[in-house]
Amino acid sequence: YVTYRAIKPKLICNPSIKKDEAKVATMVNIEDLGDKTVYCRCWRSSTFPLCDGSHGTHNKETGDNVGPLVVKKKA
Ligand code: FES
């Protein structure tokens, strides 16, 4: 069988976002959230920390299966 590491080895998860900083952390005030906010977890979004759908291309190119974190209020 083939493990995910054998499919496409990656040394880092963040290829381009704020690479001049030692650590990328995001602070969000819960009061500022709308009814639904979608956060990127693939580190490929041009609107990071928000998801722009780039995870789809990343998954197709690499065989990965990452997706966003969806924060929403109860209906
Ligand atoms: Fe990164 Fe959607 S663009 S999770």
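Here is a list of conditions, (1) farther than 14 Å from Cys13 by Cα; (2) within 13 Å of the ligand (Cβ to nearest atom), and Ser45 meets all of them except one; can you say which number that is?
Exception for Ser45: condition (1).
Just checking, how many residues over the range 52-75 are under 19 Å from Ile12 (Cα atoms) and within 14 Å of the ligand (Cβ to nearest atom)?
The qualifying residues number 14.
Identify the residue in the range 35-58 that is part of a helix (DSSP H, G or I) and in contact (Cβ under 8 Å) with a residue 12 or more places away in the chain and, among all such residues, is surrounded by the fewest Cβ atoms within 10 Å (Cβ to Cβ).
Thr57
Values quoted throughout were computed directly from the atomic coordinates according to the rules given, and no laboratory measurement underlies them. Every value quoted in this text rests on a predicted model; they were computed, and no experiment measured them. Neighbour counts are summed over all protein chains in view; Cβ atoms, including those assigned to glycine, are modelled from backbone coordinates with ideal geometry.
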